[in-house]
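The values are calculated or read from the model by the stated rules, or taken from the named source; none is laboratory data. Only a predicted model underlies this, so the values are computations on that prediction, with no experimental measurement involved. Glycine also receives a Cβ, built like all others from the backbone with ideal geometry; neighbour counts cover every protein chain displayed.
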Amino acid sequence: MVLVLFMIIAVTNSAGVTEKNSVIESTFDFYSELTLANQGLDRDVFDLAIKGLNKLKVDGTIKNPDIVTIADYSQSSNKKRLYVIDLKNKKLLYNTYVAHGRNTGEEYARSFSNVEGSHKSSLGFFVTDKPVIGPKTGYSLILRGIEKGFNDNALKREIIVHGADYASEDFIKKHGRLGRSYGCPALPPNINKAIIETIQGGTCLFVYTPDNKYLYNSELLN
């Protein structure tokens with residue numbers, strides 16, 4: 001009886017390890033297959049995005065878990081630091097520029113806020129809503145911040161995805177860095193609509209920087 005019980009426990013443990021390793025290997029292969037490192041995205045940032053995405057998927061918070069968007073604000077604004085990834089078909093759909101808030105920093109994003117009127121970017125996981133036509137921003141995408149204390153004022157602050165001339169390569173050539181928004185993740189105007197139409201309707205957007213307060217307190221990452 002003891003021997004049988006031991007064998008059952010051993011098989012269970014072995015299955016658990018195999019399943020865990022399978023997930024890790026699958027993530028590694030996916031990251032490598034898309035050569036995301038060559039595009040400037042660190043493996044750790046990608047893994048955090050997938051970790052949060054999986055929790056949102058289990059909770060039913062997102063309607064479309066096949067698409068994930070990562071804005072890696074640890075990178076210079078002169079880099080193409082926005083990644084739109086099709087997880088189902090294993091494709092990097094878009095890799096382009098994205099602006100941060102004017103009070104978040106100049107070339108680099110340094111300071112973040114959830115406060116209305118701060119003109120700073122917010123960290124964490126957002127869920128995309130529907131496109132709208134803004135009087136000043138044009139074709140835009142509503143974002144719902146879902147991390148309390150970090151970005152849950154996004155709707156009140158009117159944090160949206162929109163196109164802007166200051167989020168273009170031409171602006172970098174003239175000014176030495178990308179321009180800045182009032183806190184919105186602004187995109188190059190020539191690709192703004194295409195990205196919005198790809199990520200609209202309940203997909204996940206992860207805005208990252210290695211901020212210890214966020215990383216240690218995010219319920220989706222801990």
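What the table below lists for this structure:
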| item | result |
| --- | --- |
| In segment 88-105, the residues that are surrounded by 15 or more Cβ atoms within 10 Å (Cβ to Cβ) and assigned to a loop (DSSP other than H, G, I, E, B) | Tyr97, Val98, Ala99, His100, Arg102, Asn103, Thr104, Gly105 |
| Residue in segment 150-166 that is in the same structural domain as Leu53 (by TED's automatic domain parsing), out of contact with any Asp or Glu (no Cβ under 8 Å at 6 or more places or on another chain), among the small types (Gly, Ala, Ser) and closer than 20 Å to Ser77 by Cα present | yes |
| Residues of segment 171-222 satisfying the condition of being farther than 18 Å from Ile159 by Cβ, of a type in the set (D, E, K, R) and out of contact with any helix residue (DSSP H, G or I) (no Cβ under 9 Å at 6 or more places or on another chain) | Lys173, Lys174, Lys193, Glu197, Lys213 |
| Unmet criterion (only one of (1) surrounded by fewer than 19 Cβ atoms within 10 Å (Cβ to Cβ); (2) in contact with a Cys (Cβ under 9 Å, 6 or more places away or on another chain)) for Val132 | (2) |
| Some residue of segment 171-182 being at pLDDT 95 or above, farther than 20 Å from Gln75 by Cα and not in a loop (DSSP other than H, G, I, E, B) | no |
| Total residues in segment 197-222, condition closer than 21 Å to Ser74 by Cα, in a loop (DSSP other than H, G, I, E, B) and not charged (D, E, K, R) | 6 |
| Failed item, numbered, when His119 is tested on (1) touching a helix residue (DSSP H, G or I) at 6+ places or on another chain (Cβ under 7 Å); (2) surrounded by 15 or more Cβ atoms within 10 Å (Cβ to Cβ) | (1) |
| Ala71, sole failed condition from (1) touching a strand residue (DSSP E or B) at 6+ places or on another chain (Cβ under 6 Å); (2) farther than 17 Å from Asp211 by Cα | (2) |
| Residue in segment 58-67 that is out of contact with any Cys (no Cβ under 8 Å at 6 or more places or on another chain), closer than 19 Å to Ile199 by Cα and polar (S, T, N, Q) present | yes |
| Qualifying residue in segment 163-174 (condition: under 23 Å from Ile50 (Cα atoms), free of Cβ contacts under 8 Å to residues at least 24 places away in the same chain and not β-branched (Val, Ile, Thr)) | no |
| Among (1) in contact with a Leu (Cβ under 6 Å, 6 or more places away or on another chain); (2) closer than 26 Å to Lys51 by Cα - the single one His100 does not satisfy | (1) |
